[in-house]
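Heads up, the thing below is written out as structure tokens.
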Amino acid sequence: MASSFPVKFGSAIASCAFAASVSTAAAAATQPVSAQAGALPVRGTIAVPRKVMKAAAVSAFTTLYSFDGGLDGASPSGELLEDLRGNIYGATQSGGASGVGVVYKYHNGVLTTLHSFSGADGASPAGGLLNSIGNLDLGGNIYGVTSGGGAKNYGVVYAVNGSTGAFKLLHTFSGGLGGGTPYGRLILFKDGNLYGTTSVGGGYNVGAIFRLTPSGAYSIVACFNGRTGSTPIGGLSASLNGFNVNGALFGVTSTGGAYGGGTVFAVTPQGQLTNIHSFNPATEGSAPSAALIPDDKGNLYGTTTSGGSGSAGTIFEISTAGKFATLYSFPTDPVTMLNPNGSFPLARLASFLNGKLYGSTAFGGSTATSGGTIFEFANGTFTLLHTFSGGADGSTPTGQVLLSPDGNIYGTASTGGVYSYGTLFALPFTR
């Protein structure tokens with residue numbers, strides 16, 4: 001059955017109609033994929049001593065694992081997840097039994113493939129993994145999206161058990177009004193529902209915001225129309241005032257808005273969508289592509305992948321009321337035209353109790369062959385933590401770094417490593 005969700009576009013109200021009482025995929029997905037037709041799950045331990053190192057507190061940058069492009073996957077990306085036992089969970093965009101990506105678990109030098117996507121159950125997992133309390137898994141299901149695959153090839157929402165690898169298909173995107181091709185990580189909001197973004201589809205075919213309830217009911221909450229932004233690639237974030245979660249979710253679009261450079265938006269579960277800032281590419285950067293990270297004072301932090309004074313991207317701060325400030329512009333050397341601190345910060349920033357921001361750039365570095373950077377930013381000071389060589393340490397990090405209580409920063413590089421299919425790495429940070 002369908003219902004209409006009003007969406008506020010400035011002073012105008014538009015209808016963004018798409019809802020289903022129960023997701024068609026969820027009804028058929030009550031068993032692990034191994035019991036469903038067309039599924040090709042791969043579970044088991046891949047422990048190859050010649051290409052792994054034991055995970056421990058590190059004193060310097062350490063390559064923990066090099067993906068070989070086979071059953072362990074290729075091109076790791078998205079946000080990582082850590083549990084109380086020190087297991088790290090992630091996903092790769094390709095590789096696996098069918099070549100379209102896997103969900104994996106890593107611990108002490110052993111990488112276990114929890115699920116290998118077949119295409120029918122999704123392809124190219126994106127955004128990263130989520131459970132009920134963000135980057136800490138207490139032993140239940142882990143949730144994620146794929147940008148492709150499924151019955152309509154517009155992606156899926158899935159759940160996988162971090163211990164057993166049992167897999168459930170929760171929703172298959174249909175495109176059109178129902179949205180499709182999600183890239184951003186899901187968020188579990190305070191109302192108990194999962195929310196996310198699609199980069200295409202919706203009433204104007206430039207992206208939408210969706211909701212998935214615990215019972216499997218899927219609906220479109222709001223649709224972008226260009227003025228409110230277009231092409232949301234990052235996921236959604238809550239904002240905080242102390243320990244209180246505000247009533248709206250926030251995110252960015254990579255295009256659209258008043259200047260075409262993207263927007264920061266707020267959306268309520270009731271469907272009110274508001275453009276709170278339009279990026280001016282000439283002065284503020286453009287094409288923000290990652291979810292925002294909140295502090296406890298009602299501010300949000302993010303990056304743009306291009307623009308700024310160095311034309312290589314920026315770090316910015318914005319309040320929930322729309323007060324905007326550019327905090328840092330990645331520089332370009334006027335002589336060499338290199339970006340010594342990196343360029344194209346594609347991943348979401350991360351923060352810890354020390355008040356510092358940590359992030360990565362997908363490209364740039366001190367030499368022409370550099371493959372991205374890891375950095376720290378605090379109180380206006382930028383500190384370069386690592387420059388990727390493109391060799392054994394990897395290249396092109398595109399996922400958010402994970403700040404672990406063990407004192408390590410964990411992350412993935414989507415290419416490079418011993419086999420050129422990406423790496424899992426660790427480096428220390430000051431807690």
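Looking at region 401-422, which of the residues that are touching a Pro at 6+ places or on another chain (Cβ under 8 Å) and under 23 Å from Ser94 (Cβ atoms) is surrounded by the fewest Cβ atoms within 10 Å (Cβ to Cβ)?
Of region 401-422, the ones touching a Pro at 6+ places or on another chain (Cβ under 8 Å) are 407-409, 411-414, 422.
Cutting the leftovers down to under 23 Å from Ser94 (Cβ atoms) gives us 411-414, 422.
Numbers: Gly411: 29, Thr412: 33, Ala413: 31, Ser414: 27, Gly422: 32.
Selected residue: Ser414.
Please verify whether region 119-130 includes one or more residues that are assigned to a strand (DSSP E or B), among the polar types (S, T, N, Q) and more than 16 Å from Arg185 (Cα to Cα). Steps first, answer last, please.
Here is the first cut: in region 119-130, the residues assigned to a strand (DSSP E or B) are 119, 122-130.
When the remaining residues are screened for being among the polar types (S, T, N, Q), the result is 124.
Add one more test, that the residue is more than 16 Å from Arg185 (Cα to Cα), and what stays is none.
Checking region 119-130: not a single residue is assigned to a strand (DSSP E or B), among the polar types (S, T, N, Q) and more than 16 Å from Arg185 (Cα to Cα).
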Open item on the list: Restricting to region 244-273, name every residue that is in a strand (DSSP E or B) and over 15 Å from Thr197 (Cα atoms).
Closed with: Asn244, Val245, Asn246, Gly247, Gly256, Gly261
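Could you please let me know if Phe316 is among the aromatic types (Phe, Trp, Tyr), under 27 Å from Asp191 (Cα atoms) and crowded, with 21+ Cβ neighbours inside 10 Å?
Values: among the aromatic types (Phe, Trp, Tyr): yes; under 27 Å from Asp191 (Cα atoms): no; crowded, with 21+ Cβ neighbours inside 10 Å: yes.
When the stated conditions are applied, Phe316 does not pass them.
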Open item on the list: Looking at Gly380, Gly407, Gly371, Gly364 in this structure, which one is touching a strand residue (DSSP E or B) at 6+ places or on another chain (Cβ under 8 Å) and either among the aliphatic types (A, V, I, L, M) or within 17 Å of Pro76 (Cβ to Cβ) (or both)?
Closed with: Gly371
Task: region 386-400: number of residues that are surrounded by fewer than 24 Cβ atoms within 10 Å (Cβ to Cβ) and among the β-branched types (Val, Ile, Thr) - done: 2
Task: Total residues in region 271-296, condition surrounded by 22 or more Cβ atoms within 10 Å (Cβ to Cβ), of a type in the set (A, V, I, L, M) and more than 20 Å from the chain's Cα centre (by Cα) - done: 1
- [ ] Scan region 372-385 for residues that are crowded, with 20+ Cβ neighbours inside 10 Å and in a loop (DSSP other than H, G, I, E, B) and jot them down.
- [x] Gly372
- [ ] Hand me the list of strands (runs of 3 or more DSSP E) wholly inside region 73-118 holding 3 or more residues that are of a type in the set (A, V, I, L, M, F, W, C) and in contact (Cβ under 8 Å) with a residue 40 or more places away in the chain.
- [x] 74-83, 110-116
- [ ] Starting from region 404-431, keep only residues that are within 14 Å of Glu376 (Cβ to Cβ), then list their pairs with residues that are of a type in the set (Phe, Trp, Tyr) and in a strand (DSSP E or B) whose Cβ atoms are within a distance under 7 Å, requiring at least 6 positions of separation or different chains.
- [x] Ile409/Tyr358; Gly411/Phe425; Phe429/Tyr358
- [ ] List the number of the failed condition for Leu346; all other conditions in (1) within 18 Å of the chain's Cα centre (by Cα); (2) over 29 Å from Asn225 (Cα atoms) hold.
- [x] (2)
Open item on the list: Yes or no: region 386-397 includes at least one residue that is at pLDDT below 95, within 11 Å of Tyr358 (Cα to Cα) and assigned to a loop (DSSP other than H, G, I, E, B).
Closed with: no
Open item on the list: All but one of (1) crowded, with 22+ Cβ neighbours inside 10 Å; (2) of a type in the set (Ser, Thr, Tyr); (3) outside any strand (DSSP E or B) hold for Ser215; state the number of the condition that does not hold.
Closed with: (1)
TODO: Please give the number of the condition Thr361 fails out of (1) hydroxyl-bearing (Ser, Thr, Tyr); (2) in contact (Cβ under 8 Å) with a residue 40 or more places away in the chain; (3) within 25 Å of Ala266 (Cα to Cα).
DONE: (3)
Task: Hits in region 95-118 (condition: surrounded by 22 or more Cβ atoms within 10 Å (Cβ to Cβ), over 30 Å from Lys190 (Cβ atoms) and among the β-branched types (Val, Ile, Thr)) - done: Val100, Val102, Thr113
Open item on the list: Can you find a residue that is at pLDDT below 95, surrounded by fewer than 20 Cβ atoms within 10 Å (Cβ to Cβ), within 19 Å of the chain's Cα centre (by Cα) and within 23 Å of Leu346 (Cα to Cα) anywhere in region 237-255?
Closed with: yes
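The values are calculated or read from the model by the stated rules, or taken from the named source; none is laboratory data. The structure presented is a predicted model; accordingly, all values stated were derived computationally and were not measured. Because the Cβ atoms are built from the backbone with ideal geometry, glycine has one as well, and the counts that use them run over all protein chains shown.
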